[in-house]
Amino acid sequence: MSTENFTGVLDGYKVLDFTQYVAGPTVTLMMAEMGAEVIKVELAPGGDKTRVAPVLRDGRSGYFVHHNRGKLSLCIDAKHPAGLAILKALVAKVDVVVENFAPGVIARMGLDWETVHSVNPRAVMCSVSAFGQTGPLASQPGFDALGAAYAGITSMSGEPEGPPYVAHAAIGDVSTGAHALGAIACALLHRERTGRGQYLDLSLLDTYFHYHEASVQIYSLTNGAFKPIRSGLHSFYLAPVGVFMGHDSYMLIMCPMDHIFGYLCKAMGRPDLAGDSRFKDNETRVKNRAVLVEEIERWLASMPSDEAALGAMQECRVPCAPVLSVEEAINHPHLRQRGTVRKVHDRILGEFDLPGFALRFSEFPNALALEAPFLGEHNADVLGRYLAYAPEQVEELQRRGVLRSEPH
Amino acid sequence: MPANSLRHVLDGYKVLDFTRYVAGPTATLMMAEMGAEVIKVEPAPGGVPSRRFPIARNGRSGYFVQHNRGKQSLCIDARTPDGKTILCDLIPKVDVVVENFAPGVIGRLGLGYEVVSALNPRAIMCSVSSFGQKGPLSALTGYDWSGAAYGGVAHMIGEPDGPPLVPQVALGDVSTGVHAMGAIVCALLARERTGKGQYLDIALLDTYFHHHEADVQMASLSGGEFKPKRSGRHSFYVAPAGIFKAREGYIIVFAFEDHHWAALCDLVGRPELTRDSRLANSAARVKNLDEVIRVIEGWFASMPSDEAALAALRERRIPHAPVLTVDEAMRHPHLRERGTIRRVRDRLLGELELPGFALRFSDYPPLELEAPLLGEHNEAILTGYLGYAAARVRELERRGVLQSAAS
C-alpha cells in the first residue's frame, strides 16, 4: 500500500473517545493529527464540560476547539438503553477505546474492559486517570496540579525557604496524553502481530513521577541523606545551571559540563575562571555556586543589553536562552517558521493561534486542516456509516433525547 | 504469533541508539522497557558524558543507570573507517535509528537520513534536538530549560513581580522522549502497511510549547490584549485552583467547579458564601481571589493539623493534594502499591529506587532490566548482527576502534 493514499500515519484507525478536559483529549487529538478517525462521545445534554471554558465567543470555546480539532462529535445519552446499545455496537467497529472518567465510572456505564474485550477482542482500551485505576488514591478526584503535588514535583519549584509553585501550563495533562498515545500505538503494533487487544492504565501521577530525571536515584543511593527539595533559581546538582538576572531581565544559562563552562568563561572574557580551582568541575562549582552566580551576574550587568550578552554567549556555543513571555514565544520567528505555533481556522472563532503538532513525519510534512465539531454534529454520519442507521432512525433518536445536537 | 511468545509489546524490534543525556535516552529506555533490543552507541574512549553524573559509586553513575537500563553498549570510535563501516553495516539490521546530537552532527558523522534510508529504506530515523533541525534557533545548543525559556513556559512559573522559576526536574526532556517514542511507534505502525520508513524531527521546544493548554488560544483570540503571565501560586483563569498555606505545609485545592466550591463552603462552615454574588462562579472568584484565599487559608489555620484538613477534604471529595517532597512521595503507599516508584537492581550500585514505567499494559508486567557496562556488548553485537569472529572484535578493541570497560 502506498502512503500516497494516506492522510497521516494513523489513517484508517478508528477511535471511540470518551474523554474530556485535557489529558484524554490530548491523546485523541494527537491521533486525529495523524489521520485517525476519532468519534468523540459527548454525554447528552451538554457534552464535554470544556465547551463553556474561556475564551468564549458566540457560544464557541477556544479551549474546546484547541483540544478537539479533527474529531467527530456524537452526543448521546449513555444511560438510556438505546444509547448504550449504540455505544456497544460502535465498540465492535473501532480499534481503540479511550476514556478518562474517574476510575469505576466507565464500568458503571456498562463499558468496562471485560465488556469491551468480549465485544471486540482486537480493541485496545486505554484509561487515563489522575492516580491510576488501583491503589489508595485511585478514587480521589484529580486535576493536573494534584498529580504534580503527589509526585513531589511541585515541591521542586520555588525558593527553598519560600512556597512551592505550579507551572501555569498543563505540563502533566499534555504529557500524560503523549504517554497514552505512545502506549496505544505500541499496543496497536503488538496487535498487528498477535491479533489481540489489551488494556492500558495510564495516570497523571505516574507521568509526573517519570519526570524525576535525577532526584529519585540520588535520594535512594544516599540512603535518604540527600533530600531533594526546590533550590530556587538554580539546579541543586549541576552548576552553573539556572535563571540569571541579566542587564534588563532574566535569562537561562546552562553549563554543567566542564568544556561548556569553558565556553562561558571565554564569552565572559574570563579565562581565569576556567582555571580557578573553585570551579574546576561540576562538584566544586555546585559547592561554590553563590560566588559563581555573582561572577556571572556581574558580567551580565556590565553588558550593554541582554541581547548583547546572549549574542556573546551564543557566539561561543554557550547554552543560554531569554525567558520569553507567551506572546513573545507566539511571535518568535523560529517558532513561527517551524510551526511550533500555527494558525488554525474555526468556523465560528475564525483564525487564531494554537501550539503546533509536536510530532513531525517526513512522509506527511503538512499538518492536516482539522476543524473542531459542533455538539452532536456527526450523529447521523457516525450512526449511518458505522451502524447503517437510516436518517429517520437518527431523527427519531434525536426527538427522544437519546441523541442531541447544537449548532456550535 | 501468539502473544505469550513475546516478552513485551515491542519484542523483536531493534534500535540503533546514538542518544545522550535525558531526552533521547528516555525514548529508547521506554522502548527497552517494552522489550525492544536497543544498541546504545557510545563514543570511544569514555562513552556518554552521563556515565560520570552524580550519584557515582564504584565508578558507576546512578544517573546513567536510571536512563540506560536494558540497553546494550557498543563503545566505538565512529570517526575511524572501521568504526564507520560497522555502524553502516548495523543500519540495515535495525528498525529504528535515534540520535540527539546538535543538528548537523549526525550528517557530518556520515549517518544522516539520506545515508540511513539508502542503506535501509524500512528504517525509521528520529532526531531529537532542542530547537528542531531547521529554523533560526536550530544551531543553538540547549538543554531542557532552554526549551522552557523559549517556549514561554518558564515565564509562567513564579510570582508575577518576581523571577521566573524552573522546576528542578527534567519535565521537557522526559516529555520530549515520550513524544519521540510515540512518533517512532506510529511510524512503525505506518511501516507495517507501507513497507517504508521515514524521518522524524522532534524538538524540546515543540514539546514545551505543546504544554500550553489554555493561554495560547486566550492570547490569540483576545487579539493580544490578554498577555499570559505567571500568577504565583494560583491559576489566572479559574478559582479556587492553587497552592494554599496550611497550618504546617502547603496544600493544593482545586474547587473551581461550582459544586466543589459549594462543598468547600459547607466544609469550612461558610455555606452563605455560595449565595455571595462576588463569589458566585469561577470567573467572579478569580476577580475576588484575595477573599477566596482568606476563607481557605483561615480554615486551614483553624484546623488542628494538615492531616485533619486533608482528611476532611478527602471525605467531601473536594479535589486536593498535599505538596509532598520527593522523599515523601517515594514513601507514599499509593506510589508504592502502584509501582510508580520501584526498586531495581544494578550490578555495581546494588538496589536503588527509580521512577516506575509509566505505561501499563494488561498483557505484560514490567521487565527486569540492567544498565550496561561501557562496551559490554561489543562482541555480542558484532558477532550476533554482523558475523564478526571474536578475535576480530578483540583486534578492534586493541586498536581503539572499540572500547570496553574490560579492555
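The values are calculated or read from the model by the stated rules, or taken from the named source; none is laboratory data. Just so we're clear, the structure is a prediction, and the values are computed from it rather than from any experiment. Cβ placement follows ideal geometry from the backbone for every residue including glycine, while neighbour counts extend to all protein chains displayed.
Summary table
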{"item": "In segment A:141-168, the residues that are assigned to a loop (DSSP other than H, G, I, E, B) and either more than 7 Å from chain B (Cβ to nearest Cβ) or closer than 30 Å to A:Val94 by Cβ (or both)", "result": "A:Pro141, A:Gly142, A:Phe143, A:Glu159, A:Pro160, A:Glu161, A:Gly162"}
{"item": "B:Ala358 vs. criteria under 26 Å from the mean Cα position of the chain (by Cα), buried (at least 23 other Cβ atoms within 10 Å of the Cβ) and part of a loop (DSSP other than H, G, I, E, B)", "result": "yes"}
{"item": "Hits in segment B:172-185 - residues which are within 7 Å of another protein chain (Cβ to nearest Cβ) and either touching a strand residue (DSSP E or B) at 6+ places or on another chain (Cβ under 8 Å) or farther than 24 Å from B:Val15 by Cβ (or both)", "result": "B:His179, B:Ala183"}
{"item": "Test: residue in segment A:315-328 that is on the phi > 0 side of the Ramachandran plot and in the same structural domain as A:Tyr263 (by TED's automatic domain parsing)", "result": "yes"}
{"item": "Hey, A:Val119 under 26 Å from the mean Cα position of the chain (by Cα), among the hydrophobic types (A, V, I, L, M, F, W, C) and assigned by TED's automatic domain parsing to the domain that holds A:Thr19 or not", "result": "no"}
{"item": "Flag if A:Ala78 is more than 10 Å from every other protein chain (Cβ to nearest Cβ), surrounded by fewer than 22 Cβ atoms within 10 Å (Cβ to Cβ), touching a Lys or Arg at 6+ places or on another chain (Cβ under 9 Å) and closer than 23 Å to A:Pro45 by Cβ", "result": "no"}
{"item": "Sole exception among (1) at the interface with chain A (Cβ under 7 Å from one of its Cβ atoms); (2) under 30 Å from B:Glu257 (Cβ atoms); (3) outside any helix (DSSP H, G or I) for B:Leu352, by number", "result": "(2)"}
{"item": "Count of residues meeting criterion [free of Cβ contacts under 8 Å to residues at least 60 places away in the same chain and over 23 Å from A:Pro103 (Cβ atoms)] in segment B:311-327", "result": "3"}
{"item": "Evaluation of A:Ala369 against (1) surrounded by 14 or more Cβ atoms within 10 Å (Cβ to Cβ); (2) within 30 Å of B:Gly182 (Cβ to Cβ) (one fails), failing number", "result": "(1)"}
{"item": "Matching residues, segment B:147-185, being in a helix (DSSP H, G or I) and out of contact with any Leu (no Cβ under 8 Å at 6 or more places or on another chain)", "result": "B:Met156, B:Leu171, B:Val174, B:Ser175, B:Val178, B:Met181"}
{"item": "Which numbered condition B:Gly375 misses (of (1) buried (at least 21 other Cβ atoms within 10 Å of the Cβ); (2) facing another protein chain (nearest Cβ under 7 Å); (3) among the small types (Gly, Ala, Ser))", "result": "(2)"}
{"item": "Residues (surrounded by fewer than 24 Cβ atoms within 10 Å (Cβ to Cβ) and aliphatic (A, V, I, L, M)) located in segment A:40-75", "result": "A:Leu43, A:Ala44, A:Val52, A:Ala53, A:Val55, A:Leu56, A:Leu72"}
{"item": "Every residue from segment A:329-380 that is within 7 Å of chain B (Cβ to nearest Cβ) and acidic (Asp, Glu)", "result": "A:Asp353, A:Glu363"}
{"item": "Any hit, segment A:72-86, residues being outside any loop (DSSP other than H, G, I, E, B) and among the charged types (D, E, K, R)", "result": "no"}
{"item": "Some residue of segment A:139-158 being more than 27 Å from B:Ala154 (Cα to Cα) and acidic (Asp, Glu)", "result": "no"}
{"item": "Top-ranked residue of segment B:193-249 - restricted to ones that are aliphatic (A, V, I, L, M) and assigned to a loop (DSSP other than H, G, I, E, B), ranked as nearest to the other protein chains (Cβ to nearest Cβ)", "result": "B:Ala214"}
{"item": "Single residue of segment B:235-270 satisfying the filter (of a type in the set (Val, Ile, Thr) and modelled with pLDDT of 95 or more) that is surrounded by the fewest Cβ atoms within 10 Å (Cβ to Cβ)", "result": "B:Val268"}
{"item": "Residue within segment A:295-315 that is more than 12 Å from chain B (Cβ to nearest Cβ) and β-branched (Val, Ile, Thr) present", "result": "yes"}
{"item": "Among (1) buried (at least 22 other Cβ atoms within 10 Å of the Cβ); (2) modelled with pLDDT under 95 - the single one A:Ser2 does not satisfy", "result": "(1)"}
{"item": "Some residue of segment B:37-53 being free of Cβ contacts under 8 Å to residues at least 24 places away in the same chain and within 19 Å of the chain's Cα centre (by Cα)", "result": "yes"}
{"item": "Among (1) closer than 24 Å to B:Tyr63 by Cα; (2) not in a loop (DSSP other than H, G, I, E, B) - the single one B:Leu382 does not satisfy", "result": "(1)"}
{"item": "Odd one out for B:Val323 among (1) surrounded by 21 or more Cβ atoms within 10 Å (Cβ to Cβ); (2) out of contact with any Ser or Thr (no Cβ under 6 Å at 6 or more places or on another chain)", "result": "(2)"}
{"item": "Answer residue from segment A:117-129, given it is part of a loop (DSSP other than H, G, I, E, B) and under 17 Å from A:Ala107 (Cβ atoms) and is nearest to the other protein chains (Cβ to nearest Cβ) among those", "result": "A:Ala123"}
{"item": "Top-ranked residue in segment A:192-220 [being of a type in the set (Gly, Ala, Ser) and more than 7 Å from every other protein chain (Cβ to nearest Cβ); ranked as nearest to B:Gln66 (Cα to Cα)]", "result": "A:Ser203"}
